[in-house]
Amino acid sequence: MSAGKILVVDDDQNICELLRLYIEKEDFEVAVANDGRRALELFESFSPDLILLDIMLPELDGWQVCREIRKKSQCPIIMLTAKGEVFDKVLGLELGADDYVVKPFETKEVVARIKAVLRRMGKNAVDSVKEVKYDKLSINLTNYELKVNGVQIDTPPKEMELIYHLASNPNRVFTRDQLLDEVWGFDYYGDSRTVDVHVKRLREKLEGVSDKWSLKTVWGVGYKFEVKE
């Protein structure tokens with residue numbers, strides 16, 4: 001039985017074949033695309049469980065491919081790139097990437113990241129419904145639905161995962177680095193702007209909804225979902 005389907009997108013055919021070899025050894029099915037347009041075609045026809053996506057691609061670059069996929073799917077995406085600048089990491093996460101691997105990489109590390117992301121997404125296990133409820137607020141991570149006063153609010157996946165994580169641990173203070181590690185799931189090299197951006201967007205959606213809970217900044221430390229006793 002297949003462990004899942006992985007779409008590898010890179011214009012370097014040698015890298016693609018090396019990744020295919022190692023990933024297939026772990027009982028995954030693998031499809032390969034060498035440019036952005038082909039990646040979007042295979043995304044539709046192959047229906048992968050996860051995508052390894054290079055940034056520097058012909059036709060459409062990795063950012064454009066990521067944007068197009070995120071318009072219609074929450075399929076996990078691990079970005080592959082030779083660039084290590086913080087700006088790229090921030091942009092990748094803002095667009096909805098789930099992890100980030102800088103070239104040159106160890107192939108075994110990439111396989112380990114694939115398994116870790118699939119575990120986080122619940123692809124390898126049947127999870128119970130993940131939902132927390134407070135006054136006038138429902139956060140359902142199984143269906144990725146945020147409801148305020150019974151009305152569903154359009155919320156990107158990482159915002160959903162962040163508010164779910166905070167609300168599942170009421171009154172616990174998290175540092176930005178803890179949130180990056182526990183929500184985004186990998187070492188973020190100390191840049192935490194993306195957490196601030198996501199919290200700001202969540203506040204715009206949740207400000208003033210209830211006086212029984214709030215999304216609080218703990219100055220000099222981080223954030224918490226405060227619930228009044």
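The values are calculated or read from the model by the stated rules, or taken from the named source; none is laboratory data. Everything quoted here is computed from the prediction, not taken from an experiment. Glycine also receives a Cβ, built like all others from the backbone with ideal geometry; neighbour counts cover every protein chain displayed. Just so you know, the surface numbers come from the protein's heavy atoms only, side chains and all, with ligands and any DNA or RNA stripped out. Shrake-Rupley method; radii C 1.70, N 1.55, O 1.52, S 1.80 Å.
Before moving on, here are some points about what is shown:
- Considering the range 19-97, there are no qualifying strands (runs of 3 or more DSSP E) wholly inside with 2 or more residues that are of a type outside the set (Phe, Trp, Tyr), open to solvent by 30 Å² or more (accessible area, probe 1.4 Å) and under 22 Å from TRP184 (Cβ atoms).
- Leading residue by the ranking (surrounded by the fewest Cβ atoms within 10 Å (Cβ to Cβ)) among those in the range 115-163 that are among the hydroxyl-bearing types (Ser, Thr, Tyr) and at pLDDT below 90: SER128
- Restricting attention to the range 165-196, the residues being at pLDDT below 90 and closer than 19 Å to ILE153 by Cβ number 1.
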